[in-house]
Amino acid sequence: MNDFVLIRKNLFRRKLRAILMMVSILIAFAIFGVLASFERAFNAGQDRATPDRLVVLNKINFTQPLPISYYNRVAAIDGVAQITHFSWFGGYYQEPRNFIAAFAVDPEHWMNLRDSDFVFSPEARAAFIRERTGVLVGARLMEKWGWKVGDHIPISSSIWSQKNGSHAWDFIIVGSFTARIPQADTNVMLMGYDYFNETRSFGKDLISWLALRTTSVAANERVIDTIDGMFANSPWETTTDSEKAFSKAFAAQLGNVALIVELVVGAAFLTILMIVGNTMVMTVRERTSEIGVLKTLGFSGGRILRMVLGESILLALLGGLPGLGVALLMITRVRDSLMSFVPTLSLYPDIAAAAVGLMVVFGIITGLVPALNAMRLNIVTALGRS
């Protein structure tokens, strides 16, 4: 008989009560695991952003276009090292519910700018530049649909139409690419801007935004002021910001995810904290006479303290760890259907580690008051309550 056996037997003395407390803790940590993972996925663009990359948007908002002529004018600005442009395609495969994040880009310059995020084989790089109707598809998107290089696929747009009235474009997959860094999203498709621009029925010579890399972070402010000053008072005024700020603003369109996580998880934890804390106080009070007997047998106050704290920490772990398992199961089940919106959704190891740390802290907080009361309990007083 050791202390752990005593802790375990005391915890499950009233099995129904212990199980109900563990279920409540399970729910709290399942909520934490899911919401924290969603927050990380929403903020992946900010984590990926490098400080020397800037984004140039229409001043009204990012849904409004810019003329393609801005591309060469911005490229000529002193301090701009690399530049490319993006046009949102709004694609889907076979059915509208099969959404695909597709962009029309300048192949060579896009790959040069994003080489720090993605790995392109020499064959894929050459084919994407060469093939007019070719598309470059990220590894996760290829895996999702079972595509392979050389496949001909029809991709429709919910926004654009061709001059012949069709909303579908026929493409050939000329290559794929993988992530160079964990935060990089390979659930995307890239097509050549020239082909897209020539065949669409409206919006000719317009782009969605420009992305560029400066010669150094120190040049950012000067480049930003030069770009926005160049197009001030024009029909297409611009706002230029860092890539991180752009990603943050884009994520903000879906709401303040971090605040939602904090409020929901905070409310759940506070409720469970009060329930479990009150139950632990009541549990120790029920054992007053037994604590007196233990002290009579030579158990020190410190040992009693550690046993009560151990019981509350064990309770938190027995409820919290299965809660993380439930969170992982839920994320795994919804990941494929949400891949286009939150492609990096996953229960990351650091989130799981933080959750385990919270379990220990949770156990200490809920068990500290009853543990201190048990430690300070006088033998005569304890036995007198029997």
Sum of side-chain charges, Gly301 neighbourhood, beta-carbon under 13 Å (Lys, Arg +1; Asp, Glu -1): +4
Could you tell me the accessible area of Lys15 in Å² (1.4 Å probe, neighbours in place), rounded to the nearest ten? 130 Å²
What's the angle, to the nearest 10 degrees (0 to 90), between helix 15-42's Cα axis and the longest principal axis of the chain? 20 degrees
Each label sits 7 Å from Cα toward the beta-carbon; between Arg303 and Arg17 the label points are separated, in nm, by 2.5 nm
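Report the chymotrypsin sites (Phe, Trp or Tyr not before Pro) located in the stretch 139-248 that are in a DSSP loop and have at most 15 other Cβ atoms inside 10 Å of their Cβ, or state none.
In loop regions of the stretch 139-248 (DSSP not H, G, I, E or B), the sparsely surrounded chymotrypsin sites (Phe, Trp or Tyr not before Pro) are Phe202, Trp236.
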All alpha-carbon distances of the stretch 165-208, grouped into 5 Å bins from 0, give the whole-percent distribution 5, 14, 24, 19, 16, 13, 8, 2, 0
Can you give the angle from 0 to 90° between the axis of helix 301-335 and the longest principal axis of the chain, with both taken from C-alpha atoms, to the nearest 10? 30 degrees
Student exercise: in the chain, how many lysine pairs 8 or more apart or on different chains have Cα atoms under 24 Å apart? 5
So how much slack lies between Ala168 and Ile27, counting 0.36 nm per residue of separation and subtracting their Cα-Cα distance, in nm? 46.3 nm
Output the direction-averaged projected area (hull surface divided by four) of the convex hull of the alpha-carbon atoms of the chain, in nm². 24.9 nm²
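Accessible area per residue, 1.4 Å probe, Å², for the stretch 135-292: what's the number?
With the other protein chains kept in place, the stretch 135-292 gives 49 Å² per residue.
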If you look at just the Cα atoms of the stretch 1-136, how large are its Rg and its Dmax in Å? 26.1, 81
Mind pulling the per residue volume of the convex hull built on the Cα atoms of the stretch 65-179? Å³ is fine. 123 Å³
Suppose the chain between Ile365 and Val293 were pulled fully straight at 0.36 nm per residue; how much longer would it get relative to their current alpha carbon spacing? 23.3 nm
Report in % the part of the accessible area of the chain that belongs to carbon and sulfur, leaving out ligands and nucleic acids; probe 1.4 Å. 61 percent
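The values are calculated or read from the model by the stated rules, or taken from the named source; none is laboratory data. Quick caveat: nothing in here was measured; it's all calculated off a predicted structure. Note that each Cβ is placed from the backbone with ideal geometry, even for glycine, and that neighbours are counted across all protein chains shown. Remember, those area values only see protein heavy atoms, side chains included, never the ligands or the DNA or RNA. Shrake-Rupley method; radii C 1.70, N 1.55, O 1.52, S 1.80 Å.
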